[in-house]
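Everything below concerns the one structure shown next.
The values are calculated or read from the model by the stated rules, or taken from the named source; none is laboratory data. Computed from a predicted model, the values in this text were never measured in an experiment. Cβ placement follows ideal geometry from the backbone for every residue including glycine, while neighbour counts extend to all protein chains displayed.
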Amino acid sequence: MKQTFTLLILLWTFALSAQEVVDFENFNLAVGTSLNDSGEAGGFTSGNLFFPNSYNPDFDSWTDWGISAQTDTLTPGFMNDLSSIAGGGAEGTNTYAVSAAFSPTIMSLTGASAEMGGTGTSAAFSGMYVTNNTYAALSMEQGDAFAKKFGGETGDDEDFFLLTIQKFLDGVIGSEVVQFFLADFRSVDNNQDYILKDWTFVDLTPLGKADSLIFSLSSSDNGQFGMNTPAYFCIDQITFEAQGPPTSVKEVFTKSFELFPNPSSIFTTIHWPESQQATAAIYSMSGQQIQTYNLQTGNNQLDLSSLSAGVYSIRILNEVGWQPQLLVVK
Amino acid sequence: MPLFQDFLLRNLLLDAALLCKGKLFAVAALILVFQLGYAQVDTVLMMPTIEISAPTIRTQAVGGRVDRWSSEVLQNNGGASIADLLKRESNVFVKSYGLGSIATTAVRGASAGHTVVVWNGIALQSPMLGLLDLSMLPSGLMDQVGIQYGGQSTLWGSGAIGGVIHLENQTTFTEKSSVDLQSSYGSFSTFQQQVVLKKSNKKWSSTTRLFNQTATNDFTYRIRADLPTKTQTHAAVKQKGFLQELGFQTSNNQQWTVYFWTQKAEREIPPTTTQTRSEAFQVDDFIRTTVQWKKTGLKHTLQAKVAHFSEGIDYQDASIGLRALSDFKTTIGEVEGIWKKSTNTAFHWGINDTYTTAKADSYSTNRSENRTALFIALQHQKGPWKAQLNFRQELVDSTLVPIMPSMGIETKLQEQLLIKAKVSRNYRLPTLNDRFWEPGGNANLQAENGWSEEVGLHTFGAKKNHAWSYSLTGFNRHIDNWILWSIAPGNSFWSANNITKVWSRGIEQRIRYTFSAKNWTLAIKGGYDYIRSTNQVALESPRIAAGEQLIYVPIHQGFAKAEIAYGTLQAVYNHTFTGASQGISDALASYQLGDLRIQYRHTLNKWDTLIFIQANNIWNTNYRVIERRAMPGRYYQIGININFENK
């Protein structure tokens, strides 16, 4: 009996340590269809990963993540924002995820991994496949009324479209960064310029252990209203290995505060809905606490003028259950 | 996430959404050299033979600066639009997307929605966009164009903050008939034709105007000296219009006028310089009708107007599968009266009701708006002093707009030195798109409003064959609750909000000089404007710091025009200087443009023939008005006007 029990534990631990690949096929989407409305769930779950999503039916608009099996690689414009330029999923599969990253988007561990040990755990992400979204790819290739054709008027402009991936672990942003160019026109030799059109494997091991990954986009084509290049990209086949029980009890986050504008450069505002005061702290990418703010009920303006450009995280210190949030300072 | 609506918004509503600025500056016609902008209170005791629709107490309000162009200048514009005229002969910043494309103007550092265009006393802007496309105003359709600078909301209502452009058709009750034919051909397959038929007698008058214009606009341009030249594609335009006026003098002091104006423009929208191709296409059409009645007496004048406008825009882009239709119908009724209490005092009152219904794909349902306004103006003259006090009270649906007052003063400091000053409170109501567009429309938007002040010195003189004038005007204006479309904090889509304040101030200078001797005449006019128009509230979206000059608003602008005539041979040279400005994505460099026109007129009996040749952008400047939008280098035009008049 004791042996069986030990065996079960070992099997369980083994199972828990097994590699997982999230490929989005669980949605059983017919080719040419997509999902951009997760309804009450607040996001899409595939395997042990959670992808936040919200859909506004009045405006037919979706945020953060969508799941797609669309194959249109030819139609330009914003109406075709759920297709991958590779014409399907990675490694010949149908379905993939599309991210609308106008502000940084997050994907988190969930399901069994999160329940392990009563709260969340972490995973070592090996890598995932990334490619361009058709709307973004064709906008970079052909230009549109708002965004430039990469290379610019002369063809020599050193344009780029960059995906930056960072990690969250226990509410703190890691200092490790993985950067991947979705389009790179920086070479002096114009023949070396490219816009990514295939699924390409991106190695995520430099990030180390994480419970969430943060994705942000940047481009060389910016204007008064921010980045002109359409802020979309696609991912598929995310490979990771969930780690054992956490060394520290991780908080379960059930509440989130509003943080706007984000990204920002001069100030940002936290809307604190509770009647009692709270303290918020801002952490740098390396986990160092920079400064704290007192939060009153309602809108609190935080002065960011002393912060240099980068990604920070904001946590509520003396209240539990509040999801830490990412803040991008420009 | 950008939606179809955001796309359309940014494309079509660029002007309404952006802070753009312009300068409006025009100089009076040759004949009016000695009377620049100096309005007379009481010169009319008898019914004039030339009638225009709005009384001068309103079109030339005391204290402000007014400029006018006569019919002759309008006819000699080479068949171009009012936008082209303003580009050459005023410091109005005309934002144009290319030849024959949509053109909006901005006056004194305000946006396109802060200029009101009035046609025969009726305001024309689109209630959905809050602005008017001046490329759809061929100058040949009008008999006189004037600009009233500065805030005039008290007299003309919402949006009259930067200035008011007056378009007038004049009705004459004299025994006359005439036929006028114009035809021109220019570079890029530009063809223009215009026909004006007039017939009138002491009892009635009829004027029929037709025009037609087509152009392929396939001009070549160069990005860089070592790169091959590129040809503009997909930029063809077609426009045709018809304006019929009928006037009836039913008695010695009563007259009726009916106007019917219809026009259609079909324009391909070219790709930007950083875009491979474009399949975008826009059709604008409208029918504008108005019936006006006027009764003039020694002491009292009464005028009534009814107008109906039916207008629409059809925007299509096959490459992205987009088709957006929008249209509106506006009905306007206005009654105004003038009571000349004495030779020194006049009292003017008016009531206006404007009812609009509009339809667009992004409106969840048909929308309507009703505005009722009461305005009064009191003009008084004492010795060399003249003053005018105006008030306006407007009701929009069931919301009362605060009372708007304004006051203007003029006086002669010396025989040839005038000083004018004006203070006014002005406002601009949110447009239907600002309120009802989905997503982003905000039904709770407040009206933009603010105070503006101006002071001007006008001096003039004449000696033997010379005449000259000079004016210097300084203005200062604040607009609060400025409405901007932007991505509000926490949202992913664009929305309209009262988010900033704009402070505009500047100095405008104008100079004129004419010389005539025997067969020669020389006329020179010029102007220079320095305008600072700054955003006063730091914004994230659009990213504009507090104190920064608005986008598309050059700080410096200047123009000069020289006309030399020997008998009936005339040469006209226009030169403009536009200073550097900031666009949405890139900065715009300053540029200078020159246009030269040579014309010869021959009169034989009742026939008058004029031939002209014109070279535009004669220095072949490579310039941009809007970033990533190519403009043509040097291009030409030749044409002929034939006029037959029987008196």
(message) Looking at the structure I just gave you, is B:A215 of a type in the set (A, V, I, L, M, F, W, C), more than 14 Å from chain A (Cβ to nearest Cβ) and closer than 30 Å to A:D157 by Cα?
(response) no
(message) Regarding region B:117-134, can at least one residue be identified that is small (G, A, S), out of contact with any Ser or Thr (no Cβ under 6 Å at 6 or more places or on another chain), over 30 Å from B:T250 (Cα atoms) and surrounded by 22 or more Cβ atoms within 10 Å (Cβ to Cβ)?
(response) yes
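Residue-by-condition table, conditions (1) without any contact (Cβ under 8 Å) to a residue 24 or more places away in the chain; (2) in contact with a Phe, Trp or Tyr (Cβ under 7 Å, 6 or more places away or on another chain); (3) part of a loop (DSSP other than H, G, I, E, B); (4) at negative phi:
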| residue | (1), (2), (3), (4) |
| --- | --- |
| B:S135 | no, no, no, yes |
| B:Q148 | no, no, no, yes |
| B:L155 | no, yes, no, yes |
| B:A160 | no, no, yes, yes |
| B:S184 | no, no, no, yes |
| B:N217 | no, yes, yes, no |
| B:A225 | yes, no, yes, yes |
| B:P228 | yes, no, yes, yes |
(message) When the residues of region A:200-228 are narrowed to those that are in contact with a Pro (Cβ under 7 Å, 6 or more places away or on another chain) and within 14 Å of another protein chain (Cβ to nearest Cβ), which ends up farthest from A:I106 (Cα to Cα)?
(response) A:Q224
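Residue by residue, here is whether (1) within 26 Å of the chain's Cα centre (by Cα); (2) within 20 Å of B:G151 (Cβ to Cβ) holds:
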{"residue": "B:E334", "(1), (2)": "yes, no"}
{"residue": "B:R367", "(1), (2)": "no, no"}
{"residue": "B:R371", "(1), (2)": "yes, yes"}
{"residue": "B:Q388", "(1), (2)": "yes, yes"}
{"residue": "B:E394", "(1), (2)": "yes, yes"}
{"residue": "B:T399", "(1), (2)": "no, no"}
(request) Filter the strands (runs of 3 or more DSSP E) completely within region B:504-590 down to those with at least 3 residues that are of a type in the set (V, I, T), under 22 Å from the mean Cα position of the chain (by Cα) and over 22 Å from B:T104 (Cα atoms). (result) none
(request) Could you grab me the full set of residues in region B:251-299 that are in contact with a Leu (Cβ under 9 Å, 6 or more places away or on another chain) and within 14 Å of chain A (Cβ to nearest Cβ)? (result) B:A280, B:Q282
(request) Sort out which residues of region A:77-93 are within 11 Å of another protein chain (Cβ to nearest Cβ) and either within 21 Å of B:S495 (Cβ to Cβ) or surrounded by fewer than 22 Cβ atoms within 10 Å (Cβ to Cβ) (or both), and write them in order of number. (result) A:G77, A:F78, A:M79, A:N80, A:D81
(message) Give me the residue from region A:215-249 that is of a type in the set (V, I, T) and either modelled with pLDDT of 95 or more or crowded, with 22+ Cβ neighbours inside 10 Å (or both) and, out of that set, farthest from A:N132 (Cα to Cα).
(response) A:I238
(message) I'd like to know if region B:429-442 contains one or more residues that are within 14 Å of chain A (Cβ to nearest Cβ), among the small types (G, A, S) and in a loop (DSSP other than H, G, I, E, B).
(response) yes
(message) Looking at B:I531, B:I555, can you tell me which residue is at pLDDT 95 or above, surrounded by 20 or more Cβ atoms within 10 Å (Cβ to Cβ) and more than 14 Å from every other protein chain (Cβ to nearest Cβ)?
(response) B:I531
(request) Considering each of B:A358, B:A346, B:A324 in turn, give the residue that is surrounded by 16 or more Cβ atoms within 10 Å (Cβ to Cβ), within 14 Å of chain A (Cβ to nearest Cβ), in contact with a strand residue (DSSP E or B) (Cβ under 8 Å, 6 or more places away or on another chain) and not polar (S, T, N, Q). (result) B:A324
(request) Being more than 21 Å from A:L109 (Cβ to Cβ) and modelled with pLDDT of 90 or more narrows it down to one of A:N28, A:N56, so name that one. (result) A:N28
(message) Please go through region A:142-163 and give me each residue that is in contact with a strand residue (DSSP E or B) (Cβ under 9 Å, 6 or more places away or on another chain), under 13 Å from A:N222 (Cβ atoms) and not aromatic (F, W, Y), ordered by number.
(response) A:A147, A:D159, A:L162
(request) Output the residues belonging to region B:591-609 that are under 27 Å from the mean Cα position of the chain (by Cα) and touching a residue at least 40 places away in the same chain (Cβ under 8 Å). (result) B:D595, B:R597, B:Q599
(message) Just to be sure before I move on: is A:D159 at negative phi, charged (D, E, K, R), surrounded by fewer than 24 Cβ atoms within 10 Å (Cβ to Cβ) and under 16 Å from the mean Cα position of the chain (by Cα) in the structure I sent?
(response) no
(request) Filter region B:447-466 down to the residues that are assigned to a loop (DSSP other than H, G, I, E, B) and surrounded by fewer than 16 Cβ atoms within 10 Å (Cβ to Cβ), then identify the one that is farthest from the other protein chains (Cβ to nearest Cβ). (result) B:K464
(message) Of everything in region B:327-343, what is over 19 Å from B:W256 (Cα atoms) and either surrounded by fewer than 19 Cβ atoms within 10 Å (Cβ to Cβ) or within 14 Å of chain A (Cβ to nearest Cβ) (or both)? Give them in sequence order.
(response) B:D327, B:K329, B:W339, B:K341, B:S342, B:T343
(request) Being among the β-branched types (V, I, T) and either touching a Gly at 6+ places or on another chain (Cβ under 9 Å) or modelled with pLDDT under 95 (or both) is the filter here, so list the residues in region B:196-213 that pass it. (result) B:V196, B:T207
(message) Condition check: free of Cβ contacts under 8 Å to residues at least 60 places away in the same chain, away from chain B (no Cβ under 14 Å) and assigned to a strand (DSSP E or B). Does A:F181 satisfy that?
(response) yes
(message) Please pick out the residue among B:Q282, B:Q303, B:Q275, B:Q292 that is within 30 Å of A:Q142 (Cα to Cα), part of a strand (DSSP E or B) and of a type in the set (S, T, N, Q).
(response) B:Q282
(message) Looking at the structure I just gave you, is A:L307 of a type in the set (A, V, I, L, M), part of a strand (DSSP E or B), closer than 28 Å to A:L163 by Cα and not assigned by TED's automatic domain parsing to the domain that holds A:Q179?
(response) no
(message) Can you find, within region A:138-156, the residue that is nearest to the chain's Cα centre (by Cα) among those that are crowded, with 18+ Cβ neighbours inside 10 Å and acidic (D, E)?
(response) A:D144
(request) Can you work out which of the residues in region A:94-114 that are surrounded by fewer than 21 Cβ atoms within 10 Å (Cβ to Cβ) and in a helix (DSSP H, G or I) is farthest from the other protein chains (Cβ to nearest Cβ)? (result) A:A112
(message) If the requirement is being under 24 Å from the mean Cα position of the chain (by Cα), in contact (Cβ under 8 Å) with a residue 12 or more places away in the chain, in a strand (DSSP E or B) and within 14 Å of chain A (Cβ to nearest Cβ), which of these qualifies: B:L472, B:L484?
(response) B:L484
(request) Confirm whether B:F4 is under 30 Å from B:A496 (Cα atoms), among the aromatic types (F, W, Y) and at pLDDT below 75. (result) yes
